[in-house]
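A.B. asks: The structure that follows is given in the form of structure tokens.
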Amino acid sequence: MKDQESTAPLQFLILLVAGFLQRRQKMAIDYLPAENRVLRERLGPKRLRFTNAERRLLAGKGKRVGRRLLEEIATLASPETLLRWYRRLVAAKYDGSANSSKKGACGKRSDATTQLMTMARENPGWGYTRLRGALKNVGFELGRSTIARVLKEHGIEPAPRRGRSMSWKTFLAAHWEAIAAADFFSVEVVTSRGLVRYFALFVMRLKTRRVYIAGISQGLDSAWMAQIARNLTDAKDGFLKDVRHLIVDRDPLYTEEFKTILASSAVELLKLPPSSPNLNAFAERWVRSIKEECLDRVVPLGERHLRHVISEYVEHFHTERNHQGLANVIPFPETTPGNDRVAIERRERLGGLLSHYRRQAA
């Protein structure tokens with residue numbers, strides 16, 4: 001009973017988001033093009049005329065959808081048209097042809113508009129009054145009607161529409177401290193018996209992107225997974241010592257025994273719905289990184305060599321590689337930036353396959 005009470009809240013939220021993404025979204029995508037076709041038939045051959053605000057709204061949303069999906073769902077305008085509108089918006093944003101001498105009050109209004117756009121996008125639930133107060137806090141004075149007009153001109157919907165849903169990225173970011181993710185990847189290794197497939201299980205802390213290789217083996221079973229669970233939850237140095245939720249896919253290797261061992265250390269195992277890799281995107285992305293940057297360019301010669309290659313990449317990933325998802329910085333750098341007058345040196349791993357450049361120590 002106590003276990004059910006502890007697992008219910010977050011499990012429910014994950015299943016709710018997953019269900020929305022996998023089922024309701026598919027039905028909505030199937031329905032909306034059909035509805036739009038019916039409306040277009042009622043309108044006849046008359047060409048639709050869009051306002052600038054409507055173009056901005058459709059262009060911004062169309063860019064996020066991407067050309068491939070637009071070809072399936074776009075009916076009011078072609079994918080090429082939507083993407084062309086988007087390119088015009090980008091060009092207009094960075095257009096420096098305006099006379100800089102007209103800055104003055106217009107420049108201040110432009111700054112206020114830019115700050116308004118930032119606040120509205122970062123806070124979907126903020127209405128016009130809340131935005132007005134937040135702008136006033138930083139020295140900008142805009143009326144509610146002005147805020148409403150500016151948002152409409154830039155294709156940003158009112159707060160009730162913007163705040164209806166929360167992205168999976170936002171949800172995870174709100175729970176970074178307590179969430180980790182796990183996944184397997186496989187590697188073909190050259191041995192005296194020919195090619196042998198090895199499996200590696202890794203765990204990642206979502207907030208810091210720190211990765212721990214929990215185990216590497218060619219034969220996985222419930223006993224092996226049970227021992228992995230004990231190692232991960234070790235009271236002294238277990239990787240999941242301060243974690244409360246572990247996200248995994250529906251691999252049958254995550255057995256009830258594995259789940260029970262985690263639960264004994266207050267770690268909840270969260271199995272994602274079928275066919276939902278986006279809900280474990282950080283782990284999926286790490287698999288892609290280690291394969292594209294390392295394993296696809298190496299021929300592992302035995303288990304020992306495989307372990308060395310993976311270990312070197314993990315160290316490179318932590319201490320030498322910039323992470324775009326972490327403001328393009330190195331998460332755990334070994335040294336601080338040196339004097340810019342000191343010569344630059346290259347650090348190589350795996351014979352130069354992995355490189356890192358830094359200033360030499362003084």
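A.B. asks: On the given criteria, is ALA263 touching a strand residue (DSSP E or B) at 6+ places or on another chain (Cβ under 8 Å), of a type in the set (Gly, Ala, Ser), under 19 Å from ALA174 (Cα atoms) and surrounded by 16 or more Cβ atoms within 10 Å (Cβ to Cβ)?
C.D. replies: Details: touching a strand residue (DSSP E or B) at 6+ places or on another chain (Cβ under 8 Å): yes; of a type in the set (Gly, Ala, Ser): yes; under 19 Å from ALA174 (Cα atoms): no; surrounded by 16 or more Cβ atoms within 10 Å (Cβ to Cβ): yes.
No.
A.B. asks: Regarding region 194-201, can at least one residue be identified that is of a type in the set (Lys, Arg) and either in contact with a strand residue (DSSP E or B) (Cβ under 9 Å, 6 or more places away or on another chain) or outside the structural domain of ALA283 (by TED's automatic domain parsing) (or both)?
C.D. replies: First, pick out the residues of region 194-201 that are of a type in the set (Lys, Arg): 197.
Add one more test, that the residue is either in contact with a strand residue (DSSP E or B) (Cβ under 9 Å, 6 or more places away or on another chain) or outside the structural domain of ALA283 (by TED's automatic domain parsing) (or both), and what stays is 197.
There is at least one residue in region 194-201 that is of a type in the set (Lys, Arg) and either in contact with a strand residue (DSSP E or B) (Cβ under 9 Å, 6 or more places away or on another chain) or outside the structural domain of ALA283 (by TED's automatic domain parsing) (or both).
A.B. asks: Follow-up. Which of the residues belonging to region 193-221 are closer than 15 Å to PHE317 by Cα, modelled with pLDDT under 90 and among the basic types (Lys, Arg)?
C.D. replies: Across region 193-221, the qualifying residue is only LYS207.
A.B. asks: Right, next: Restricting to region 118-136, give me the number of residues that are over 22 Å from the mean Cα position of the chain (by Cα) and part of a helix (DSSP H, G or I). Talk me through it step by step, then tell me what you get.
C.D. replies: Going residue by residue through region 118-136, those that are over 22 Å from the mean Cα position of the chain (by Cα) are 126-136.
When the remaining residues are screened for being part of a helix (DSSP H, G or I), the result is 128-136.
Residues meeting the conditions: 9.
A.B. asks: Six or more apart or on different chains, Cβ under 9 Å: which pairs go from a residue in region 305-327 that's among the β-branched types (Val, Ile, Thr) and at pLDDT 95 or above to one that's in a helix (DSSP H, G or I) and surrounded by 16 or more Cβ atoms within 10 Å (Cβ to Cβ)? Could you list them?
C.D. replies: Once the first residue is among the β-branched types (Val, Ile, Thr) and at pLDDT 95 or above and sits in region 305-327, its partners that are in a helix (DSSP H, G or I) and surrounded by 16 or more Cβ atoms within 10 Å (Cβ to Cβ) give VAL309/LEU295; ILE310/ILE290; ILE310/LEU295; VAL314/ILE290.
A.B. asks: Test each condition in (1) free of Cβ contacts under 8 Å to residues at least 60 places away in the same chain; (2) part of a loop (DSSP other than H, G, I, E, B) for PHE332 and report the one that comes out false.
C.D. replies: Status for PHE332: all satisfied but (1).
A.B. asks: Which one of these does MET225 not meet: (1) without any contact (Cβ under 8 Å) to a residue 24 or more places away in the chain; (2) surrounded by 15 or more Cβ atoms within 10 Å (Cβ to Cβ); (3) farther than 21 Å from TRP176 by Cα?
C.D. replies: (1)
The values are calculated or read from the model by the stated rules, or taken from the named source; none is laboratory data. Remember, it's a predicted structure, so these values are computed and weren't measured experimentally. As a convention, Cβ positions derive from the backbone with ideal geometry for all residues, glycine included, and neighbour counts pool all protein chains shown.
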